[in-house]
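The values are calculated or read from the model by the stated rules, or taken from the named source; none is laboratory data. Just so it is clear, the structure is predicted and the values come from calculations on it, not from any experiment. We place every Cβ from the backbone using ideal geometry, glycine too, and count neighbours over all the protein chains shown.
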Amino acid sequence: MGAPLFYLPEQFKIVDATAGPVTTNGGVTCDYASLKNALYAWLVLQFTQAVGHATVIQPQVASAVAPTGAVSITFSALIWSNLATATTDTLVARTAATSYTLGSGIAKMQVVIGIDPAQCVAQGATLDVIGCTISDSSQATNFVSGQYFLLQKNAQATPPAAITD
């Protein structure tokens, strides 16, 4: 067995989007990550829906990682989802869109949203930070956890921080 073609932590900056599993009761505002050193970004969210709810995921862009004035994306992002991770590991490509709504099933689910930093900057010259909001499920037993996977412009043993500007 040979060495891998690349090492995940050297090619991708992996950043928490949520502080571990958090309830969607009351809604969630994800942490924000800088795209200054990224070629591409994926927001990967894991949901546990104990009570069915059509939860809406709204990707956001901002000009700083401690955002004020964050806005919803206006471009169509690539989206994949698996609405039953307990029984399948298949992600299904969904229609590219500015947001995504989960199926209202009682299940564990996964959503991957691809964000091109060039589209963020095209939306607004200083918008080089991503985040997201997750709608209020009004259910204390529904949870989400998430991470950003930022494909780095330059692979390195210790990629630069994405949680500071």
- Checked segment 111-134 for anything surrounded by fewer than 18 Cβ atoms within 10 Å (Cβ to Cβ), touching a Ser or Thr at 6+ places or on another chain (Cβ under 8 Å) and not β-branched (V, I, T); matches are Q123, G124
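Tell me, yes or no, whether segment 145-157 has at least one residue that is farther than 14 Å from F12 by Cα and at pLDDT 95 or above. Show your work before the answer.
Step one: of segment 145-157, the residues farther than 14 Å from F12 by Cα are 145-146.
Then drop every residue that is not at pLDDT 95 or above, which leaves 145-146.
Yes: segment 145-157 contains one or more residues that are farther than 14 Å from F12 by Cα and at pLDDT 95 or above.
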- Residue count for segment 45-89, restricted to those that are in a strand (DSSP E or B), closer than 22 Å to N25 by Cα and either polar (S, T, N, Q) or without any contact (Cβ under 8 Å) to a residue 40 or more places away in the chain (or both): 8
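Please verify whether K13 is part of a loop (DSSP other than H, G, I, E, B), among the basic types (K, R) and in contact (Cβ under 8 Å) with a residue 40 or more places away in the chain, treating the condition exactly as stated. Spell out how you get there, then give the answer.
On the way: part of a loop (DSSP other than H, G, I, E, B): no; among the basic types (K, R): yes; in contact (Cβ under 8 Å) with a residue 40 or more places away in the chain: yes.
The answer is no for K13.
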- Message: If I ask for residues that are touching a Gly at 6+ places or on another chain (Cβ under 8 Å) and in contact (Cβ under 8 Å) with a residue 60 or more places away in the chain, which ones from segment 90-124 would you list?
- Response: M109
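Just to be sure before I move on: is V92 β-branched (V, I, T) and at pLDDT below 95 in the structure I sent?
Working: β-branched (V, I, T): yes; at pLDDT below 95: no.
Taking the combined requirement at face value, the residue does not satisfy it.
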- Query: How many residues are more than 19 Å from V71 (Cα to Cα) and either surrounded by 18 or more Cβ atoms within 10 Å (Cβ to Cβ) or in contact (Cβ under 8 Å) with a residue 40 or more places away in the chain (or both) if we restrict to segment 16-39?
  - Reply: 11
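Would it be correct to say that A118 is over 28 Å from G52 (Cα atoms) and at pLDDT below 95?
Values: over 28 Å from G52 (Cα atoms): yes; at pLDDT below 95: no.
No, not satisfied.
Please determine, by comparing only the residues of segment 150-165 that are farther than 19 Å from A62 by Cβ and in contact (Cβ under 8 Å) with a residue 60 or more places away in the chain, which one is surrounded by the most Cβ atoms within 10 Å (Cβ to Cβ). If you could, list the steps in order and put the result at the bottom.
Residues of segment 150-165 farther than 19 Å from A62 by Cβ: 151-159.
Keeping just the survivors that are in contact (Cβ under 8 Å) with a residue 60 or more places away in the chain gives 151-157, 159.
Values: L151: 15, Q152: 17, K153: 14, N154: 10, A155: 13, Q156: 13, A157: 7, P159: 20.
Across segment 150-165, the extreme among qualifying residues is P159.
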